[in-house]
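Only one structure is covered here, and it is reproduced in the block below.
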Amino acid sequence: MAGYKPVAIQTYPILGEKITQDTLYWNNYKTPVQIKEFGAVSKVDFSPQPPYNYAVTASSRIHIYGRYSQEPIKTFSRFKDTAYCATFRQDGRLLVAGSEDGGVQLFDISGRAPLRQFEGHTKAVHTVDFTADKYHVVSGADDYTVKLWDIPNSKEILTFKEHSDYVRCGCASKLNPDLFITGSYDHTVKMFDARTNTSVLSVEHGQPVESVLLFPSGGLLVSAGGRYVKVWDMLKGGQLLVSLKNHHKTVTCLCLSSSGQRLLSGSLDRKVKVYSTTAYKVVHSFDYAASILSLALAHEDETIVVGMTNGILSVKHRKSEAKKESLPRRRRPAYRTFIKGKNYMKQRDDILINRPAKKHLELYDRDLKHFRISKALDRVLDPTCTIKTPEITVSIIKELNRRGVLANALAGRDEKEISHVLNFLIRHLSQPRFAPVLINAAEIIIDIYLPVIGQSPVVDKKFLLLQGLVEKEIDYQRELLETLGMMDMLFATMRRKEGTSVLEHTSDGFPENKKIES
Amino acid sequence: MVEKENIRVVRCGGSELNFRRAVFSADSKYIFCVSGDFVKVYSTVTEECVHILHGHRNLVTGIQLNPNNHLQLYSSSLDGTIKLWDYIDGILIKTFTVGCKLHALFTVAQAEDSVFAIVNKEKPDIFQLVSVKLPKSSSQEVEAKELSFVLDYINQSPKCIAFGNEGVYVAAVREFYLSVYFFKKKTTSRFTLSSSRNKKHAKNNFTCVACHPTEDCIASGHMDGKIRLWRNFYDDKKYTYTCLHWHHDMVMDLAFSVTGTSLLSGGRESVLVEWRDATEKNKEFLPRLGATIEHISVSPAGDLFCTSHSDNKIIIIHRNLEASAVIQGLVKDRSIFTGLMIDPRTKALVLNGKPGHLQFYSLQSDKQLYNLDIIQQEYINDYGLIQIELTKAAFGCFGNWLATVEQRQEKETELELQMKLWMYNKKTQGFILNTKINMPHEDCITALCFCNAEKSEQPTLVTASKDGYFKVWILTDDSDIYKKAVGWTCDFVGSYHKYQATNCCFSEDGSLLAVSFEEIVTIWDSITWELKCTFCQRAGKIRHLCFGRLTCSKYLLGATENGILCCWNLLSCALEWNAKLNVRVMEPDPNSENIAAISQSSVGSDLFVFKPSEPRPLYIQKGISREEVQWGVFVPRDVPESFTSEAYQWLNRSQFYFLTKSQSLLTFSTKSPEEKLTPTSKQLLAEESLPTTPFYFILGKHRQLQDEKLNETLENELVQLPLTENIPAVSELLHTPAHVLPSAAFLCSMFVNSLLLSKETKSAKEIPEDVDMEEEKESEDSDEENDFIEKVQDTNNTGLGEDIIHQLSKSEEKELRKFRKIDYSWIAAL
């Protein structure tokens, strides 16, 4: 014998973005803090060590911000020209930056003046990075060269002249102290080995490379340039794994989430896209006010910092999750109440009787099960239900109509209760998805309460509102039909000979309406 | 198949189980119910049909246990006979010919040699309760013409008659009065309820009556849902009654429990109500029984109840109001919208079942396999409510997909329409809802078909609707990184000059789609959805449309409302032939080129089987049914038949079933009914005699082997066992139930004599051997360990057998006789 079947609640597709785990995760940030810099923010880099300060390179200055500070806690401004690519060392104590005049400068976080100055590049140095052993610095410059510097005696160790255009991006492997990668405007990404003084691998990106990124394991390489983000498998000798084209404009920066599960890319089209690194599908996207030049994620994705061309630095902090725990915990039954009887082993002669699982029913379903129709209707006409989930209210009205008891449920209501119903009708009557059910309900209400109209000013006002609404809707429908007629005529003139092209009418879900007397 | 075959229309399965109250056997092991011309015996535990008692020539109208012998059952039928059955073995014991139509049967323990029956003698609507004296006679056919009149002018239904307090009185109700007849005093008292025209008492009609088994108390059910308990009815003046009121609609049936402590009632609410101590306060409910309760009966042992429902179902209920078993036949109480379909997986017949359900019905076992809940909404059983109807269903992709359409139309403008697509899940072995589409069309859907081509990579569904459009739905993959998901979306919408689309059909290879728009048939390419060509015959709206199959795949057939059957050639785009035939049902055979068409005329329905390539039919059967045939379907056979005659070759691969307006399911068969039924009954007997225990599996195998060996040896000796059946004494002995046989000692010598003194010595010789073998087997059953002895016996036996064949010496014959005398005990055990 089947049990009570709950009322089928009509579900409607949720328009817009689908709610997934990722949207929840990436939307869980506070409103961004905007910090104005002096020029376009070309690089943001987080210190890998606590307290996770970050260095922002903009114009001729490098600002160090604390995690929650809106003012820089430190500034390096001893650059004659534009500074580029301020990068922390792995221990967070040294900072290296290139500059427009071809110099590479090494700073101590606590000091002000540069510790070392590496001279050798003839043109602007756009990329610098520390190698994995912490004692060398790699730099790439517009003079097409890539140089490796020794920190202790500030000397140039190696120079690679394999690129045929500006070297604009690069990064060092986090595992191997001798490996590093550079991307250039000659459309190639090259991997260099300090031990061989030539490049060991070169991949063709197809566009001027704006940004490169090595996965922490060193097995995958991501390059960005033009509208493309490409992922290469280094272990297979630089085979293209996947090519992503999700931006409208040049992709300028790349970043990995702290778990390594998501890849973020920022672009001049003012969007940051989040990809899954398993399926390489876009799972989320952020919008910003201006073209994005730089992007960085803090430890544990606590903060997203985005630098833009208009000099605005946008800082988003993750919402704290501690609040949920603050509620006083209800005292639950002890563990041994749950375990009671559960560990009983069945003896040979025992007959095991399972209690059938109890089906949970919504409150309105419980009422309907016991044929308490008015109560069920009251329950779903409660403002909390009508505002949040009008489809439940409509479904219950529909169900009552199907059972043939809608008139009984609507009858015998006082001023307050009837105004609840009328409020709901006024709000939702004109929605095409609810209209067929609600028009029927409105007709019944008018039939029932016609004799008592004029006794309550509140209800009369509601009826007048409803009448106005219906008249407006009729006018609107008439206009729509007129438009449709005009469009039909236009289509008829354009129509080709084959009778296959079909015009889909918009549903004119509003049938001829009835008069509302009041 | 040597003799001339003859195709007959036979009723197949789906018989009513709820026509009369079901009856329990005394030990509650079996339950009996009337089912058309048969009485069915079901096991109350396993729900399986154990026996079908066939012998009546017309509808069986009543069954009762023989009050003097609980192992026997009386049944009455419209053919004017009362038959006495041994239900355990399924044997007809006696037939009493009464000679007039019997509408119901009652037995009373006190009236030993008579039963009561409802007959109508003079006018068609006047019924009488009579007592029929059953003469004692040993012959099988007995005339029982001695009728004595008891009550006149009663209701036809047996629910309106009840015998009370050990047969002291009988109560009958009709309209507004209750009459009680006292057998001893031979007087009738009559109690009338006010039937005044005022509204309050307007529905006072009696509907059913039941009598308390021990006290003088009569319970009557009424149209308005009241139950009245009558007491003191010995006196016309002092009688009293009390009212019990819970039902809001008519009380359909009442029954007292065996001890009389509680009263059971049921009605349209599908709730079984148990009134304890006949008080209004003390009541228990068993709700959600699924359909209107038609009958309630109580087992004589008092441990079980059962309710018969309008959806052809019997529910067996424990004393503590817990349903324990459901015997479900073909549900037939509502109109069939979906037509007949075959589930490609289970080969079950699929059609509308319970409200909102599709039923899967096994034609082989005459049993409902399962119900699929399509509408998934609480069914409110109330008079005058417009329900959601399941109007269309179709299987696609070899049973992987099922599409259903449900609609509810309250007024002309308010149509609720929903299409659901179900996917078969191999793990759960059932259909799971995949996509739900609200308002797939603006108006009713007239046809639904899947593209069933083998090579099609993407499941495709086409719906045609009265709104003038047909829509093509395809399965699309909308899975993302979070979950895998497939769903159906609309791929193409087509129309033709705003005509209503009436039918749609895919060609066998799925390359063409034919959609009929009223009088016009349009052909569409199923890849590009381009209109290829149109056919128009100006012969009325197209009612049926189908493509030819296999070698005839270039033909398209259409049947119109004006009674024209057209066949178009798709290659030449021209009419190939047409014929004047008022086609009601047109069904293509999935296994051959044949197409069956059933035409309707004023006299009845005729069947035509033809191939599209030629207008001459292969086979014609006139007058297959007197009423309108609504649906038909070809069911592929598991094992192909081999009819040699050309006219019947269309039945080789498939069987044709059809459903008439009164919802009887019919088919064509060449076998005589006896032939058709014997294998099953034999099988049942074999299964019945051996309980399937682990022990059986060990021994059963052994026995089978031995049987085979036995057969081999017998074959070698050119002797057939069934010869024993030719001897009347033996057959009588073996086929009479044990409890009616005289003692074994008395029978034995007669039996043995009959064996030995027959003139044909050969057959006589064989039987003893057979007997010995059986005896030996039994000993083996009982004791496994005496293998050694058995072997010795075995050698003895074979030696004996050979000897007998050669010559039977006198001494040996003596020995044999002695041997037989020793172990006649087994006969009693037979």
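The values are calculated or read from the model by the stated rules, or taken from the named source; none is laboratory data. As the structure is a computational prediction, the values presented were derived from the model and not from experiment. Neighbour counts run over all protein chains shown; Cβ positions are idealised from the backbone, glycine included. Surface accessibility is based on the protein's heavy atoms, side chains included, excluding ligands, DNA and RNA. Shrake-Rupley method; radii C 1.70, N 1.55, O 1.52, S 1.80 Å.
Screening B:Met419 on (1) at the interface with another protein chain (Cβ under 9 Å from one of its Cβ atoms); (2) under 24 Å from A:Ile439 (Cβ atoms); (3) surrounded by 15 or more Cβ atoms within 10 Å (Cβ to Cβ) shows it passes everything except condition (1). Somewhere in region A:181-197, is a residue in a loop (DSSP other than H, G, I, E, B) and surrounded by 22 or more Cβ atoms within 10 Å (Cβ to Cβ)? Scanning region A:181-197 turns up no residue that is in a loop (DSSP other than H, G, I, E, B) and surrounded by 22 or more Cβ atoms within 10 Å (Cβ to Cβ). Here A:Ala492 passes the criteria (1) exposed (fewer than 13 other Cβ atoms within 10 Å of the Cβ); (2) in a helix (DSSP H, G or I); (3) more than 14 Å from chain B (Cβ to nearest Cβ); (4) not polar (S, T, N, Q) except the one numbered (3). Output the residues belonging to region B:489-510 that are within 14 Å of chain A (Cβ to nearest Cβ) and closer than 24 Å to B:Ala393 by Cβ. Listed by number, the residues that qualify are B:Thr489, B:Cys490, B:Asp491, B:Phe492, B:Val493, B:Gly494, B:Ala501. Taken over region A:431-475, the criterion of being assigned to a loop (DSSP other than H, G, I, E, B), more than 23 Å from A:Val405 (Cα to Cα) and under 46 Å from the mean Cα position of the chain (by Cα) is satisfied by A:Gln431, A:Pro432.
Within region B:593-638, if we keep just the residues that are free of Cβ contacts under 8 Å to residues at least 60 places away in the same chain and of a type in the set (Val, Ile, Thr), the residue that is nearest to B:Leu363 (Cα to Cα) turns out to be B:Val629. Considering region B:364-397, and only residues there that are open to solvent by 70 Å² or more (accessible area, probe 1.4 Å) and polar (S, T, N, Q), the residue that is farthest from the other protein chains (Cβ to nearest Cβ) turns out to be B:Gln364.
Within region A:367-406, the set of residues being more than 14 Å from chain B (Cβ to nearest Cβ) and among the β-branched types (Val, Ile, Thr) comprises A:Val380, A:Thr384, A:Thr386, A:Ile387, A:Thr389, A:Ile392, A:Thr393. Quick test for you: out of B:Ile342, B:Ile327, B:Ile314, pick the one residue that is within 13 Å of the chain's Cα centre (by Cα), at pLDDT 90 or above and of a type in the set (A, V, I, L, M, F, W, C). Criteria check complete, one pass: B:Ile314.
Condition check: away from chain A (no Cβ under 14 Å), buried (at least 20 other Cβ atoms within 10 Å of the Cβ) and either closer than 29 Å to B:Leu545 by Cα or among the charged types (D, E, K, R) (or both). Does B:Leu351 satisfy that? When the stated conditions are applied, B:Leu351 passes them.
For the condition at negative phi, in contact (Cβ under 8 Å) with a residue 24 or more places away in the chain and either touching a Cys at 6+ places or on another chain (Cβ under 6 Å) or crowded, with 19+ Cβ neighbours inside 10 Å (or both), B:Val170 qualifies. The condition (being among the basic types (Lys, Arg), farther than 23 Å from B:Trp631 by Cα, in contact with a strand residue (DSSP E or B) (Cβ under 8 Å, 6 or more places away or on another chain) and within 14 Å of chain A (Cβ to nearest Cβ)) is satisfied by just one residue among B:Lys483, B:Lys532: B:Lys532. The residue list B:Val251, B:Val209 contains one member that is touching a residue at least 40 places away in the same chain (Cβ under 8 Å) and closer than 21 Å to B:Thr187 by Cα, which is B:Val209.
Determine, yes or no, whether B:Lys471 is charged (D, E, K, R), within 14 Å of chain A (Cβ to nearest Cβ) and crowded, with 19+ Cβ neighbours inside 10 Å. Yes, satisfied. Every condition in (1) over 29 Å from the mean Cα position of the chain (by Cα); (2) within 25 Å of A:Asn310 (Cβ to Cβ); (3) not hydroxyl-bearing (Ser, Thr, Tyr) holds for A:Lys30 except the one numbered (1). With respect to the stated conditions, A:His428 fails to be more than 14 Å from every other protein chain (Cβ to nearest Cβ), open to solvent by 60 Å² or more (accessible area, probe 1.4 Å) and under 30 Å from B:Asp382 (Cβ atoms). One residue alone among B:Gly290, B:Gly339 is on the phi > 0 side of the Ramachandran plot and either within 14 Å of chain A (Cβ to nearest Cβ) or among the charged types (D, E, K, R) (or both), and that residue is B:Gly290. If we scan region A:141-162, do we find a residue that is among the basic types (Lys, Arg), open to solvent by 30 Å² or more (accessible area, probe 1.4 Å) and touching a Pro at 6+ places or on another chain (Cβ under 9 Å)? No: region A:141-162 contains no residue that is among the basic types (Lys, Arg), open to solvent by 30 Å² or more (accessible area, probe 1.4 Å) and touching a Pro at 6+ places or on another chain (Cβ under 9 Å). Taking the criterion of being more than 14 Å from every other protein chain (Cβ to nearest Cβ) and within 17 Å of B:Thr207 (Cα to Cα), the residues of region B:264-287 that qualify are B:Leu264, B:Ser265, B:Gly267, B:Arg268, B:Val273.
Do you know which residues across region A:237-276 are hydroxyl-bearing (Ser, Thr, Tyr) and either open to solvent by 50 Å² or more (accessible area, probe 1.4 Å) or in a loop (DSSP other than H, G, I, E, B) (or both)? A:Ser243, A:Thr250, A:Ser257, A:Ser258, A:Ser259, listed by residue number.
Test B:Ile82 against the stated conditions and say whether it is touching a Phe, Trp or Tyr at 6+ places or on another chain (Cβ under 6 Å) and in a strand (DSSP E or B). Criteria met by B:Ile82.
Can you run down the residue pairs with Cβ atoms below 6 Å, 6 or more apart or on separate chains, where the first is in region B:434-459 and within 14 Å of chain A (Cβ to nearest Cβ) and the partner is of a type outside the set (Lys, Arg) and part of a loop (DSSP other than H, G, I, E, B)? Pairs found: B:His441/B:Asp467; B:Glu442/B:Asp467; B:Asp443/B:Asp467. Answer yes if at least one residue in region A:138-154 is among the aliphatic types (A, V, I, L, M) and assigned to a loop (DSSP other than H, G, I, E, B), and no otherwise. Looking through region A:138-154, at least one residue is among the aliphatic types (A, V, I, L, M) and assigned to a loop (DSSP other than H, G, I, E, B). If the condition is being β-branched (Val, Ile, Thr) and assigned to a loop (DSSP other than H, G, I, E, B), then region B:199-253 contributes only B:Thr214. Checked against the criterion of being of a type outside the set (A, V, I, L, M, F, W, C) and under 22 Å from the mean Cα position of the chain (by Cα), the candidates A:Ser258, A:Ser223 yield just one match: A:Ser258.
Considered as a group, the residues in region B:512-529 that are more than 16 Å from B:Trp568 (Cβ to Cβ) and open to solvent by less than 40 Å² (accessible area, probe 1.4 Å) include one that is nearest to the other protein chains (Cβ to nearest Cβ), and that residue is B:Trp529. Within region B:65-82, the set of residues being within 19 Å of B:Ala26 (Cβ to Cβ) and surrounded by 23 or more Cβ atoms within 10 Å (Cβ to Cβ) comprises B:Leu73, B:Tyr74, B:Ser75.
Counting residues in region B:446-458 that are modelled with pLDDT of 90 or more, surrounded by 14 or more Cβ atoms within 10 Å (Cβ to Cβ), within 40 Å of the chain's Cα centre (by Cα) and more than 25 Å from B:Ser507 (Cβ to Cβ) gives zero.
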